[in-house]
Amino acid sequence: RASSPAGSKPAACEAKSQRQTAGRWLQGGVSDDTPASLDKIPREASNVTTLREAVGVFDRLLATEKNKDAQRAAETATAFASRGVLERYGKARLLPRREYTDYEERMFRVNLDDMLHPDDKMKRDVQQRLVSAVGIAYVAALFVDFERWFQIGLLTLFLAFVDQVAASGGLGVLIGDTAANAFNANYKKRVSMHEAGHLLTAYLLGVLPQRYTLSSLETFRRYRALNVQAGTQMIDPEFEKSRVTGKVSSEAIERYAAISLGGIAAEYVAFDHTEGGDTDMLQLEAFLRVLGSKKKDIEMTKRWAALSVVCLLREHRALLTEVANTMERGGSVGECIEVIEIGGRSTYDSYARNDAQECSKKQPEKLAVSAPG
């Protein structure tokens, strides 16, 4: 959440950095190995004709968590899309990348200044209450056994100092995020919506999700790394190939930027404000700087990507909610794909249709569009 992806970030250039940022972005796994050459589509996928069979293939390939199988899954998804098994994979289109005026942003009903400055109020509130409760309990304990609890207090301060120096405050992040998930049900819903935004945006733009986590504790159990939060990892062989050659196409940059801000856009569409996503923007900015972009161009790309993805997710608002619910209950990536392909077709909310129509009035021929249904 943020904290990656995405997630398409400069962190994707190194597998170690990828793990430290919740492994969000566009590379085919967390292995340090050189990316394997793409093999042929798995034999069991050659005769697949239904979505349910395709979902089974994805779950089998992605369950191995191997770089080679992940890239085969991405190739398989492209093949399924070309054969019509996947109707929505890679079918979305984004707004033209250019600078949009304040008037145009208002016409789209998007306040980018607020959207691109998230404030994690829920998590901060839980952390402040936790610190206050611990502080009161500690003071009370001092009256019972001053010497013993004074020494415990000094030890705690020392451990906190070590955590800041050795793990950049990772243990504190883990405790704070775990407490927020335990004491605030809305926090988990927001995180689920944020990660659903990354996953849905990636899928509609033709980038296959590989795995996701929704909490620091879950990510720690999987990656054994501190100072990480929730994240969604994607598989993009084309981007990985361009990274190796050093030639990144404008299409890859646009796709990367859109997926990076998919979480922030999802929060804005669902809640009309954003709380997570600071790290997403920082990593996107760093990636663009590596490519030689100037500050003005970076800001323009961020605002364009945010505006584009808001329009895209408004068009698919019902799907976004269904994917978030699937992720919150622990559904597999295959289940999320199934929801995207069949979900929302008969329950497309009227407000989602209105949002999509509002965007399409502005530039109907160039707006984010996807497969019918």
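Volume per residue, Å³, of the convex hull around the alpha-carbon atoms of segment 184-340? Show your work: numbers first, answer last.
Working: hull volume 18.4 nm³, N = 157.
Dividing the Cα hull volume of segment 184-340 by its residue count gives 117 Å³.
Rounded to the nearest 0.05, what FRET efficiency is calculated for residue 102 and residue 290 with R0 set to 30 Å and r the Cβ-Cβ distance? Here the calculated transfer efficiency is 0.55.
The order of the peptides 195-204, 252-261, 302-311, 99-108 by mean Cβ neighbours within 10 Å, most packed first, is 195-204, 252-261, 302-311, 99-108. Summary of packing: across the peptides 327-333, 146-152, the per-residue average of other C-beta atoms within 10 Å ranks them, highest first, as 327-333, 146-152.
Only one residue of 310, 293, 283 has its Cα farthest out toward the positive end of the dipole of segment 279-324, where Lys and Arg carry +1 and Asp and Glu -1 on Cβ, and that residue is 293.
Subtract the Cα-Cα distance of residue 271 and residue 125 from 0.36 nm times their separation in residues, and report this length gain in nm to one decimal. Mind dumping the intermediate values first?
On the way: separation 146, 0.36 × 146 = 52.56 nm, distance 1.79 nm.
Full-extension gain reported as 50.8 nm.
Which parts of segment 94-134 would a label at residue 183 reach, counting a residue when its backbone N lies under 14 Å from a point 7 Å out along Cα-to-Cβ? Only 122-134 fall inside the zone, counting backbone N under 14 Å. For the residue pairs 91/121; 189/296; 121/302, the C-alpha atoms sit more than 28 angstrom apart in 91/121; 189/296. Put simply, the Cα atoms of segment 136-268 extend 65, 34, 22 Å along their principal axes, the longest span coming first. The fraction of all Cα pairs in segment 233-287 landing in successive 5 Å bins from 0 to the largest distance is 4, 18, 24, 23, 15, 9, 5, 2, 0, given as whole percents. Sorted from longest to shortest, the spans of the Cα atoms of segment 254-327 along the three principal axes equal 38, 20, 20 Å. Amide H contacts of residue 86: 81, each under 5 Å away and 5 or more positions distant or on a separate chain (H built 1.01 Å from N in the peptide plane; Pro and chain starts excluded). Put simply, the C-alpha atoms of segment 40-156 give a gyration tensor, and the ellipsoid matching it has half-axes of 52, 31, 11 Å, longest first. Convex hull volume of the C-alpha atoms in segment 284-335, normalised per residue: 104 Å³.
Computed from the coordinates by the stated procedures, all read-outs in this text should not be read as laboratory data. These numbers come from a predicted model, not from an experiment. Neighbour counts are summed over all protein chains in view; Cβ atoms, including those assigned to glycine, are modelled from backbone coordinates with ideal geometry.
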